[in-house]
Amino acid sequence: MTPLHELTALQQAAAIRSGELSPVELVEHYLARIAAFDSRLGAFVTVTDQAARDAAKRAEVAVTMAEPLPALHGVPTAIKDLAATAGVPTSYGCVALAQHVPDADAPVVTALRSAGTISLGKTATSEFGTTLYTEATGFVPTANPWRRGASPGGSSGGAAAAVAAGLVPVAHGSDGGGSLRVPAALCGLIGYKPSRGLIPGAGGFGLASQGPIARTVPDAAALLDAMAVAAPGEPYLPPPPPEGGYRAAATRATGPLRIAAYLDPPLFDTTVHPDCVAAHRRAAELLTGLGHDVVEVPGPYDPAMLADFRVVACLLGRPDAVGKMARWMAGEARRHSAADLLAAHGRLLAAIRAGSAQLAGYDLVLTPTLARPGVGIGHFNQMSPEEDFDAQTALSPYCSVHNLSGAPAVSVPIGADRTGLPVGVQLSAPLGGDARLLAAASALHDASGWKERHPPIWTKLPSATVNLGPRSLGTEPR
């Protein structure tokens, strides 16, 4: 007998299709876990329990109709509180907007519903997604399920905490400078930032991407397939999808790849922590063992980019913010003219192109996800906003270059630091190289031995079980 939350999203979908698992039972199981555990995690800001129950009943009826079902029919998920959701409070992490209820869904929310998923609610984020920790003013700070008092990162910290604790099997997030990859690394998960344009909803200058957080790469790829639905008016052309979709691509062998590996952090002149270096080296060894050619190269990006990056990043600040960080960013943005912003963005793009030219000829690039291990809740709030910004950049200097370039990148859990918290590494590919990146990340994740590791809260009750046949429990073909 298998506890329901130990099933992957794809296993749940298969079991629902075969009639071995009821969508109603599955949704009730996760709602019970949210009720039991989320008061200490703060992963959700809104739980839409009645709407989820109603959707599960409709999903159960649809199974009996013998009609084609969407790919993730009946699978629970959650939506980051930065995505507008019709009829559901959407605060964007700002307590001043706690009563804001949109009239229409963001395209990604519509796409997830069309794919058959059932949202259990809205997950916590930092205010307007401006920080790499999830401690918005007026909200309960979100905790890392691996350790009481540890931060899960941000700004998709609620999504990562929910998946890591077994409150949902997969979750929606977004990433404007590492906001999917940072919490995934800190919570031992897969965080995938797709190529620019693949999923509608890119933010200013195309820095932000919607994307999945999941326990496995195939689950992340299945959610990516669900979200990658074109929407009218999008300014960026999506890359062509692979044959069979991204879920199929994630389970294909890639053949030998040439992978560049570097440790010199872009955007910040900082020392990389030994635990992050060790994870990076272990990943290089595993990739070599998988038949790839891993080549150590110097860091290709100029750390002086930080000054221009700050100018562009401060656009995320909002004048209606109540938290000190978002308000400081808005103030910094007002100090610069539109000409200053365009000039800074132009210099950043030139630096990114120069660095990318140095990596030409490589299929993938390997770096740590973070330069330092995780931190405690409240760590950044003790600083001035300017010190806070620099400290966040020092924590995560590797992620933002891929938001600037639009290239896809993924954080893969590879081990633990000396205190037992997860440590991830980042793989990236050229723009449009999502299929190859997902396949390589899936093979690395399998080789790491991390897939079956979970935080202590994982095994705690409530824990409904199901006896599944080999069809539902079968592994993904490679």
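Structure notes:
- Per residue, in Å², the accessible surface of region 244-376 once ligands and nucleic acids are set aside, probe 1.4 Å: 46
- Compactness index (Cα Rg / 2.2 N^0.38 Å), region 350-458: 1.22
- Each of Ser22, Ser442 has its accessible area taken with a 1.4 Å probe; listed largest first, they run Ser22, Ser442.
- Whole-number accessible area per residue in Å² for region 1-57, which is evaluated in the context of all protein chains at 1.4 Å: 36
- With both residues required to sit in the chain, DSSP beta bridges show an antiparallel share near 70%.
- Taking the convex hull of Cα positions in region 206-309, its mean projected area over all directions (nm²): 9.2
- Packing here is the average count of other Cβ atoms within 10 Å per residue, and on that basis the peptides 401-412, 300-311, highest first, run 401-412, 300-311.
- Computed over region 124-259: relative contact order in percent, which uses C-alpha pairs under 8 Å that are six or more apart: 18
- Value of relative contact order over region 193-257, rounded to a whole percent, pairs C-alpha under 8 Å and six or more apart: 35
- Overall dimensions of region 227-271 by Cα: Rg and Dmax, Å: 17.2, 44
- Shape descriptor for region 156-265: Rg over Rh equals 0.98 (Cα atoms; Rh from the Kirkwood inverse mean 1/r).
- Order by protection proxy (mean Cβ within 10 Å, highest first), peptides 258-267, 378-387: 258-267, 378-387
- Region 1-139 gives an Rg/Rh value of 1.00, both radii derived from C-alpha positions and Rh following Kirkwood.
- Solvent-accessible area, 1.4 Å probe, carbon plus sulfur percent, for the chain: 56
- Quotient of the Cα radius of gyration of the chain and 2.2 N^0.38 Å, N being its number of residues: 0.90.
- Under 18 Å from the Cα of Lys193 - lysines, other chains or at least 8 residues apart: Lys80
- J(HN,Hα) series, region 374-390, from Karplus relation 6.51 cos²θ - 1.76 cosθ + 1.60, nearest Hz, glycine and proline x: x, 10, x, 4, x, 4, 7, 5, 7, 9, 5, x, 5, 5, 4, 4, 5
- Over region 323-478, Cα pairs under 8 Å with separation of 6+ residues give a relative contact order of 20 percent.
The values are calculated or read from the model by the stated rules, or taken from the named source; none is laboratory data. What you are looking at is a predicted structure, and each value in this text was computed from that prediction instead of being measured. As a convention, Cβ positions derive from the backbone with ideal geometry for all residues, glycine included, and neighbour counts pool all protein chains shown. We work out accessible area using only protein heavy atoms, side chains counted, and drop any ligands, DNA or RNA first. Shrake-Rupley method; radii C 1.70, N 1.55, O 1.52, S 1.80 Å.
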